[in-house]
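Here is the structure we will look at.
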Amino acid sequence: MYSVRLWSVRHSRGINRFYNWFEKALILLHPLWSKIGYERLEPAFAGFERATKGLLFDCQMCGQCVLSSTGMSCPMNCPKNLRNGPCGGVRDNGHCEVKPEMKCVWVQAWVGAQNMDKPASILDGQRPVDNRLKGKSSWLRVIRIAKGLEDEFGNKPTPKKPASPPSSTAPAPAKVEVKVERPVP
């Protein structure tokens, strides 16, 4: 798995271009997914995603995939689970201080990001992991966010209340009597 993960980082540009196409296709199929039901699709999508991304990226199924921002190097493989850059313990040879046999996930992320079309996206800050989403499909989540079915925090939008018509029991406006006095000539 580790060697495939390193291969994925080296080929990050092509993988990211494929993913961008794949994401657009998934979003276009929203009417179908909606008809089947996102809850019914979750187990199948999560299983396929776990197998595919597990092989290519050693994915940990956090449910909030940021591979497109991290050069196809999954930050959840960091022993410290750092999502926004390396710790201060990266060794001189670029290896991890906790697992010396492993290259630092963030050193690999930087290399992979430089190959991609938008290398500066690695500088984007990532939100902390929401453990409620662990094990869920990030692909379905991307579709739901794109279609406004949930926000980036996993919350469903609150329905807007329709404007209520004026109440017929409201009191009528008070009549105001105005006296106009004319001066006598």
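Structure summary
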| quantity | calculated |
| --- | --- |
| Relative contact order computed over segment 50-122 (Cα-Cα under 8 Å; 6+ residues apart), in percent | 31 |
| Nearest-0.05 FRET efficiency for H11 and I145, computed from C-beta distance (R0 30 Å) | 0.65 |
| 5 angstrom amide H check on S137, placed H, neighbours 5+ away | A46 |
| Accessible surface, the chain, averaged per residue in Å² (probe 1.4 Å) | 67 |
| Order of exposure, largest accessible area first, which applies to L29, L41 with probe 1.4 Å | L29, L41 |
| Candidate residues D117, D130: accessible-area rank, largest first, probe 1.4 Å | D117, D130 |
| Top of T158, T70, T52 by mean-square fluctuation, Gaussian network on the chain, Cα under 10 Å | T158 |
| In Hz, Karplus ³J(HN,Hα) per residue of segment 4-14 (6.51, -1.76, 1.60; θ = phi - 60°; x = Gly, Pro) | 5, 4, 5, 4, 4, 5, 5, 10, 4, 4, x |
| Pairwise label distance in nanometres, E97 with L133, each label 7 Å out on the Cα-Cβ vector | 2.9 |
| Evaluated over segment 21-142, the Cα radius of gyration and Dmax, each in Å | 15.8, 53 |
| Selection of trypsin sites (Lys or Arg not before Pro), segment 81-143, meeting DSSP coil and at most 13 other Cβ within 10 Å | R91, K134 |
| Listed residues V4, H95, P157: farthest to the positive end of the dipole of the chain (Cβ charges) | P157 |
| Radius 12 Å from Cβ of R5, net charge of other residues (Lys, Arg +1; Asp, Glu -1) | +2 |
| Distant-in-sequence amide H partners of H95 (H built 1.01 Å from N, under 5 Å) | C104 |
| Accessible surface ranking that places the most exposed of E152, E42 first, with a 1.4 angstrom probe | E152, E42 |
| Carbon + sulfur, % of accessible area of the chain - ligands and nucleic acids excluded, 1.4 Å | 59 |
| Charge sum, other residues only, whose C-beta stays under 15 Å from H95's C-beta, Lys/Arg counted +1 and Asp/Glu -1 | +2 |
| Helix-only mean residue ellipticity at 222 nm for the chain, each DSSP H run of n ≥ 4 adding -39500 (n - 2.57), per residue, nearest 500 | -12500 deg cm²/dmol |
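The values are calculated or read from the model by the stated rules, or taken from the named source; none is laboratory data. Bear in mind the structure is a predicted one, so any value in this text is a computation, not a measurement. Note that each Cβ is placed from the backbone with ideal geometry, even for glycine, and that neighbours are counted across all protein chains shown. Heads up: the accessible areas ignore ligands, DNA and RNA and are worked out on the full protein's heavy atoms, side chains in. Shrake-Rupley method; radii C 1.70, N 1.55, O 1.52, S 1.80 Å.
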